[in-house]
Amino acid sequence: MVILWVSLNRRFGAGQYDVSVPIVMNDFIKWLESDGNILFSNVDICLIDKSVGYGLFTKENVRLNEVLIKIPEKYIITADFVSNIKEYADILNRFVFDSSELLALFFAFERVYFDYFCEQLGSLNDGTAYFVQWTLEMPNGFKHFLNCRKELMNEKRNESDFWWKSYIGILPRNFSTPLFIYYLKENGNAKIKEIASQLPIETKEKLLGQLDELIIFEEKLFLTFFSFLKLLLNSFEGDTFQIAKTLSQDSIVFWREVCCWAWHIVNTRSIFTENLSLHSVDKQKSCDKNQKICSKKKNKTDEENFGGSLALVPLVDMLNHSPDASCVPFFDNKMGFFKVIAEHHSIVAGQQLFFCYGAHNNDQLWIEYGFRLLENPFNRVNISIDLFVALAERCGQKVESARREIFKKARLPCTIYATDEIPSFALRKNASILLMKKSKLSNWSQYLFSDDENGEEEEILTSPEIKLIVAILRKLENALIARRNECLMEEICASWDDQIQILKRMLIKY
């Protein structure tokens, strides 16, 4: 067999797997077929397109409650699973990671190990094998990891023990989330914050929260590399720290790309389940003083339940999202399998399998996964009580302190959902508080809920409460349109468009 050496491509996103996706997918399928306990005989893995990636499709008709996929527990990747691998247990003796961070560290190190320190196969079926030559500096922490793995390989391991190699080989190399697109660019953090400032407040907080998580993980990754070297931090407000006289710019760029990719793998492909067995791991006390830096950003408990509910399940994580889900994944604790069943209805042969990631609106889907749906029943307009009151005052409604106190006590939401045809019961009751006579305010709850509104819909639509709500929503619609017109990016405009569309649908009746 011919062995070639190929220079390392320093752009992490452009590697040898990009030109041989069918080969690595075939390797993955062969691995699935090699274990007789893995069930997926009625499932096809198909490439939808390059922007969407792969999906799972039925080969034959599927009955209601039929099991489509079974994955043994030993192939479920959790933080508990990682913490029991000797190389990572050694890292955990010195550093503190929460569950998602430990999973991201696993994918970062394993990706680099398999890409650059293991034999690769050429894209042609000519039997050619090669190694990618490592030309960058070797960080102390990663060198220690490689030495630990080499020692264990010499003792009792071989390549076949690392079953996750074929799984990592088929994972996507790029993502379309705003974080992935901008994080690694020049002044990326500032750009992300600029984007966030133009978004609805809930979406803004979500994006900035993810930015903070990624920054913390990146700092921890570099801390594992240089646990005994001095680090210089630019700031704790979001700028990535620079390492003084330890790594070249090429190395810093490479490892930042690794970090961003691994964080996205965990964030976009993990599944939450409550039935996986827990393994309690005492938080190790790091002898590295630099570790205290990260604790300033994220409070830690004394003990972490690794593997509690966050899991990456090969094959199952290729199910795409739809609000109208055709199947449900779950962990069967009694049988020790992760299963996918057709729970809601039977499925015709050739249809794509979907499950619902959660009641995510389009902004959540965009921030978390990088896509939006044309029609999303989970889209909503979140109206805080303070905003509701402010809009009412703009409509000429006087809101005394007594009414403001009632709003706090009643705690009725003002949210409008994409599926709402008329203002919700809670929203109408909030309007009733605004219109309630002063003489009734002392016993507001008695008057607010005594009338069950059993009238016809036409009567409700013409009620004083509805008229006030319509005036409030028109004010809100105009404000959202103004914000939308200030947007400079299509993705940001889409966030406002979704909310404007919901209001227009509701107001069209009036």
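Read-outs throughout are calculated quantities, based only on the coordinates presented, and are distinct from any laboratory measurement. This structure is a prediction, so every number in the text was calculated from the model and none was measured. Backbone-built Cβ (ideal geometry, glycine too); neighbour counts: all protein chains shown.
Summary table below
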{"item": "Inter-label distance for ARG505 and LYS50, nm, one decimal - labels placed 7 Å from Cα along Cα-to-Cβ", "result": "3.4 nm"}
{"item": "Charge tally in the Cβ shell below 11 Å around ILE181, where Lys, Arg are +1 and Asp, Glu are -1, ILE181 excluded", "result": "+1"}
{"item": "Burial ordering of HIS264, HIS344, HIS144, fewest other beta-carbon atoms within 10 Å first", "result": "HIS344, HIS144, HIS264"}
{"item": "DSSP-loop chymotrypsin sites (Phe, Trp or Tyr not before Pro) across region 133-214, with at most 15 other Cβ within 10 angstrom", "result": "TRP134, TRP163"}
{"item": "Within region 351-442, GluC sites (Glu not before Pro) in DSSP loop having at most 10 other beta-carbon neighbours inside 10 Å", "result": "GLU375, GLU400, GLU421"}
{"item": "For ALA494, net neighbour charge (Lys/Arg +1, Asp/Glu -1) across residues whose Cβ lies under 11 Å away", "result": "-3"}
{"item": "Given LYS438/LYS467; LYS408/LYS440; LYS437/LYS475; LYS86/LYS339, the pairs whose alpha carbons are separated by over 27 Å", "result": "LYS86/LYS339"}
{"item": "Cα-projected label distance for THR415 with ALA89, points at 7 Å along beta-carbon direction, nm", "result": "4.4 nm"}
{"item": "Relative pair counts by distance (%), Cα atoms of region 380-507, 5 Å bins", "result": "2, 10, 21, 22, 19, 13, 7, 4, 2, 1, 0"}
{"item": "Environment charge at SER41 (Cβ cut-off 12 Å; Lys +1, Arg +1, Asp -1, Glu -1)", "result": "-2"}
{"item": "Förster-model FRET efficiency, 45 Å R0, HIS344 and SER248, C-beta, rounded to 0.05", "result": "0.25"}
